[in-house]
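Right, I'll just put the structure down here and ask away after.
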Amino acid sequence: MSSCLSGKHIVLGISGGIAAYKSVYLLRLLVKAGAEVQVVITPNGKEFITPVTLSSLSGNPVISEFFTANTGEWHSHVDIGQWADLMVIAPATASTIAKMANGVADNMLITTYLSAKEHVMVAPAMDLDMWAHPATQRNIATLRADGVDIIEPGSGELASHLCGKGRMEEPEKIVEAIEEYFRSEEAPLPLAGKKVMITAGPTYEAIDPVRFIGNHSSGKMGFALARECRRLGADTVVVAGPVNKSLTPEGVRRVDVVTAREMLAACEAEFEDTDICIFAAAVADYAPAECAERKIKRENVEEMDLRLVRNPDIAATLGKRKGERTMIGFALESDHGQENACRKLKAKNFDWIVLNSLSDEGACFNTDTNKVTVFGADSSSVSFPLESKDKVAKDIMNVIVAGLL
Ligand code: C5P
């Protein structure tokens, strides 16, 4: 059977981690599938695996240094960038990921990455603490925002004999991810010509110029959906409450708001030509009836009653004017999840509602993972395991795209 990798030009970047031994098998699989592979290895990578093994399997000399020492031949990273259809870095160590995120071009692998015109995928591999460290997670978030695909590491025994997340994904799975990328590149984009509007993050409702009522929503789920919608070809706009600026994926437009009323106004301004609305924001239910003009001084106030008024329901308001649009909502429930979600689906005129449960570990605010069930207005439902929010976004959009066909 011919593979969609046949004739594809792939740069395989290898950095210095023990998982480099698996890259030999990955290279073998890519070549077997008909791809032409150019290996670029870091100086540390060569400590783990020899260039002779890699050049024998790829049929091409391995590139590691800027120059070949005895002939002075210069290896052009620009030429590699023009030749390649895809760059895959496996394993990507914490250090290589940090250098990629910050443009530290001190070896041939990073210069090749910085000159790459082609899509880039990385398969991280490191110890569990290094993977979990905020510095690594920041760098991963930067790479994602730069359009790099992260092939999530798995959990299991690590080279340190510790057990946890950080194992490079198995070569067969990396090949599957590469095949999926090429297939999606060749298929017509299912949301081309459609406009998607997504609400994301919390809203802040001011009590005085300093304090507000808010919640712990990070906006990560909404922006993961935005990245996926963009990848599927949609003109994508996120109406975002106060969340991190670096979350915005390439090619996605962002409208920043603070309060629920501002979020409603921004959504109304975008609504007319929108085809798909996804309401992923954790909108504050209530706002203070008045906002004090000056900071409230606690010395002057022994007890305080805060009068609250209900905020507009953005999803329900727009649901009344739905027309031909497709609408998707979220429900975060602590109990009677299915019952509450399905009630909201009807009340707000949604086509689908995504339920995440407060009782599921790793499926709450401010995490990088989520565990969801998608309920359809046609009484269908599909549940997914605990996954990265990027994977959850893909799963949700697969359901929606299939329903649009
Ligand atoms: O808060 P509730 O559980 O009702 O939220 C369900 C859905 O409605 C979510 O998709 C949320 O983004 C949306 N919503 C909204 N405006 C509100 C409250 C909720 O758009 N004021």
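For segment 159-166, in order, what is each residue's ³J(HN,Hα) by Karplus, 6.51 cos²θ - 1.76 cosθ + 1.60 with θ = phi - 60°, in whole Hz (x at glycine and Pro)?
Rounded to whole hertz, the list is 4, 6, 6, 7, 10, x, 7, x.
Here is a follow-up. Assuming a ≥ b ≥ c are the square roots of the Cα gyration tensor eigenvalues, decide whether segment 130-181 counts as rounded (a/c under 1.5), prolate (otherwise, with a/b larger than b/c) or oblate.
Details: a/c = 3.89, a/b = 1.10, b/c = 3.54.
The shape class here is oblate.
Follow-up. Under the definition of Cα pairs under 8 Å and six or more residues apart, what whole-number percent is the relative contact order of segment 281-405? Walk me through the numbers before you get to the answer.
Numbers: 167 pairs, mean separation 19.0, N = 125.
Dividing the mean separation by the residue count of segment 281-405 yields 15 percent.
Hey, what number do you get for the chain at 222 nm if only DSSP H runs of n ≥ 4 count, each worth -39500 (n - 2.57), divided across all residues, to the nearest 500? Spell out each step's value before the answer.
Values: 14 runs with 139 residues, N = 405.
Here the helix-only value at 222 nm equals -10000 deg cm²/dmol.
Just to check I understand the Karplus step: with θ = phi - 60° and J = 6.51 cos²θ - 1.76 cosθ + 1.60, what whole-Hz values come out for segment 190-199, glycine and proline as x?
x, 10, 4, x, 9, 10, 10, 10, 10, 8
Divide, for segment 62-151, the radius of gyration over alpha carbons by 2.2 N^0.38 Å, where N is the residue count. Could the numbers behind the result be given before it?
Details: Rg = 13.8 Å, N = 90, 2.2 N^0.38 = 12.2 Å.
Normalised by 2.2 N^0.38 Å, the Cα Rg of segment 62-151 equals 1.14.
Okay, next question. Just check the chain against the gyration tensor rule for me: Cα atoms, a ≥ b ≥ c as the square roots of the eigenvalues, rounded for a/c under 1.5, and otherwise prolate or oblate depending on whether a/b exceeds b/c. All intermediate terms of the calculation are to be shown ahead of the outcome.
Numbers: a/c = 2.30, a/b = 1.84, b/c = 1.25.
Note, shape of the chain comes out prolate.
Run the numbers for Ala289 and Glu170: contour at 0.36 nm per residue of separation, minus the present Cα-Cα distance, in nm. All intermediate terms of the calculation are to be shown ahead of the outcome.
Details: separation 119, 0.36 × 119 = 42.84 nm, distance 5.58 nm.
Here the answer is 37.3 nm.
Please give the helix 134-145 orientation as an angle from the longest Cα principal axis of the chain, in degrees from 0 to 90, rounded to the nearest 10.
Taking Cα atoms only, the helix is inclined about 90 degrees.
Quick one: check the C-alpha center-to-center distance for segment 345-403 versus segment 190-225, whole angstrom.
Measuring centre to centre over Cα atoms gives 17 Å.
Counting only residues 5 or more places away or on other chains, whose amide H sits under 5 Å from the amide H of Tyr286 once H atoms are built in the peptide plane?
Correct list: Asn311.
Additional query: Pairs of Cα atoms under 8 Å, at least six residues apart: use those to get the relative contact order of the chain, whole percent. Don't jump to the answer; show the numbers that get you there.
Values: 854 pairs, mean separation 42.8, N = 405.
Across the chain, relative contact order equals 11 percent.
Each residue of segment 384-390 in turn: what ³J(HN,Hα) in whole Hz from Karplus with 6.51, -1.76, 1.60 and θ = phi - 60°, glycine and Pro shown as x?
10, x, 5, 9, 5, 5, 5
Right, something else. If you fit an axis through the alpha-carbon atoms of helix 337-347 and take the longest principal axis of the Cα set of the chain, what angle between them do you get, 0 to 90°, nearest 10?
70 degrees
Only Cα pairs under 8 Å and at least 6 apart count here; give the relative contact order of segment 139-239 as a rounded whole percent.
Relative contact order of segment 139-239: 22 percent.
Amide H neighbours of Val239 under 5 Å, at least 5 residues apart or on other chains, H built in the peptide plane: list them.
Ile198, Thr199, Ala200, Val255
Could you list which residues have their amide H under 5 Å from that of Phe330, counting only those 5 or more apart in sequence or on another chain, with H placed in the peptide plane?
Amide H neighbours of Phe330: Phe279, Val354.
Within the set of other residues whose C-beta is less than 11 Å from the C-beta of Arg227, count the net charge using Lys and Arg as +1 and Asp and Glu as -1. Walk me through the intermediate numbers first.
Details: positive: Arg144, Lys220, Arg230, Arg231, Lys389, Lys394; negative: Asp149, Glu228, Glu250, Asp390.
So the surrounding residues net to +2.
On a 24 Å Cα-Cα criterion, which of the cross-link pairs Lys194/Lys322; Lys245/Lys391; Lys8/Lys194; Lys8/Lys245 come out too long? Before the final figure, lay out each step's value.
On the way: Lys194/Lys322 15 Å; Lys245/Lys391 21 Å; Lys8/Lys194 30 Å; Lys8/Lys245 36 Å.
Pairs exceeding the cut-off: Lys8/Lys194; Lys8/Lys245.
Read-outs: derived from the displayed coordinates by stated rules, not from any lab. From a predicted model like this one, the values you see are computed outputs, not experimental measurements. Neighbour counts run over all protein chains shown; Cβ positions are idealised from the backbone, glycine included.
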